[in-house]
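One structure below.
The values are calculated or read from the model by the stated rules, or taken from the named source; none is laboratory data. Quick caveat, the model's predicted, so the values are computed rather than measured. Neighbour counts are summed over all protein chains in view; Cβ atoms, including those assigned to glycine, are modelled from backbone coordinates with ideal geometry.
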């Protein structure tokens, strides 16, 4: 009987040790995941909806004839391809930058005294092999809390990823 009790006690002790090790590993995993999430901006539904609506904004650029003005997502695609010029004589990238800058400035109060301290906008073409920055805009101070979102535009081959980060 004593051998059987001794074996049961050893198994119970082993189980308790394994349980303690698993709990410690889960705690360390939770702490490390929390630290890595702090560097990523928090997803914002408002910013995502803003980006989606901005991509449908009609710009001042017509490529083939007026009044066939491009929406912003089409203009960013033209900017990525780099083959066309607007009828006004301006480059699609220039008009895209001016339009995005104006829309963000009119939609958000951005200054050191306001709640929104700055922003970063990027349009990047990703074809799963290489990434090419198409448009990069930034204004203000982005050292504290960041909220952001992204939208995708199909651009064969690959996609154009539009990212907007607001800094608080």
Quick check on my filter: what residues within segment 149-164 are more than 13 Å from residue 54 (Cα to Cα) and surrounded by fewer than 20 Cβ atoms within 10 Å (Cβ to Cβ)?
154, 155, 156, 157, 158, 159, 161
Tell me, yes or no, whether segment 109-118 has at least one residue that is out of contact with any strand residue (DSSP E or B) (no Cβ under 7 Å at 6 or more places or on another chain) and closer than 26 Å to residue 63 by Cα.
no
Could you grab me the full set of residues in segment 31-55 that are in a helix (DSSP H, G or I) and either at pLDDT 80 or above or within 13 Å of residue 147 (Cα to Cα) (or both)?
31, 37, 45, 46, 47, 48, 49, 50, 51, 52, 53, 54
Hey, among the residues in segment 52-83 that are in contact with a helix residue (DSSP H, G or I) (Cβ under 8 Å, 6 or more places away or on another chain) and in contact (Cβ under 8 Å) with a residue 60 or more places away in the chain, which one's surrounded by the fewest Cβ atoms within 10 Å (Cβ to Cβ)?
55
With respect to residue 120, determine if the residue is surrounded by 12 or more Cβ atoms within 10 Å (Cβ to Cβ), out of contact with any helix residue (DSSP H, G or I) (no Cβ under 6 Å at 6 or more places or on another chain) and in contact (Cβ under 8 Å) with a residue 12 or more places away in the chain.
yes
